[in-house]
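See below for the structure under consideration.
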Amino acid sequence: MESDSSLSRPANVTTSIDKAFEVCEVLSGQPRGVSLSDLARTLRQPPSTVHRLLNVLKKRGYVRQEEDT
């Protein structure tokens with residue numbers, strides 16, 4: 001896949017897909033799960049952002065939520 005320089009973005013810009021992968025990477029190291037607040041703190045993201053990402057990942061089957069939480 002070739003890169004189009006007109007579409008490049010600054011290195012310090014984090015996209016939603018970057019954030020979603022970060023969520024998956026952190027969760028993959030937590031087999032027993034992690035709370036939203038702990039996940040947000042680890043990722044240094046607002047809980048609302050992490051919640052939104054988790055909802056998309058859950059809808060697509062990449063993460064699951066314990067029934068009692």
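Quickly rank 55-65, 37-47 as a protection proxy: mean count of other C-beta atoms within 10 Å, highest first. Walk me through the numbers before you get to the answer.
Numbers: 55-65: 11.8, 37-47: 14.4.
Sorting 55-65, 37-47 by mean packing, highest first, produces 37-47, 55-65.
Let me know the volume per residue of the alpha-carbon convex hull for the chain, in Å³. Please list the in-between numbers first.
On the way: hull volume 8.5 nm³, N = 69.
Convex hull volume per residue, Cα atoms: 123 Å³.
Can you pull the percent of the chain's accessible area that's carbon plus sulfur, 1.4 Å probe, other chains left in place? Write down the numbers at each step before the final one.
On the way: 2970 of 5950 Å².
C and S fraction of accessible area: 50 percent.
Which FRET efficiency, nearest 0.05, do residue 62 and residue 11 yield, Cβ-Cβ r, R0 22 Å? Mind dumping the intermediate values first?
Working: r = 26 Å, r/R0 = 1.18.
E(calc), rounded to 0.05, equals 0.25.
Relative contact order for the chain using alpha-carbon pairs under 8 Å, separation at least 6, rounded to a whole percent?
Values: 27 pairs, mean separation 18.4, N = 69.
Over the chain, the number comes to 27 percent.
The values are calculated or read from the model by the stated rules, or taken from the named source; none is laboratory data. Quick caveat, the model's predicted, so the values are computed rather than measured. Ideal geometry is used to build each Cβ from the backbone, glycine not excepted, and the neighbour counts take in all protein chains shown. These area figures cover heavy atoms from the full protein model, side chains too; ligands, DNA and RNA do not enter into them. Shrake-Rupley method; radii C 1.70, N 1.55, O 1.52, S 1.80 Å.
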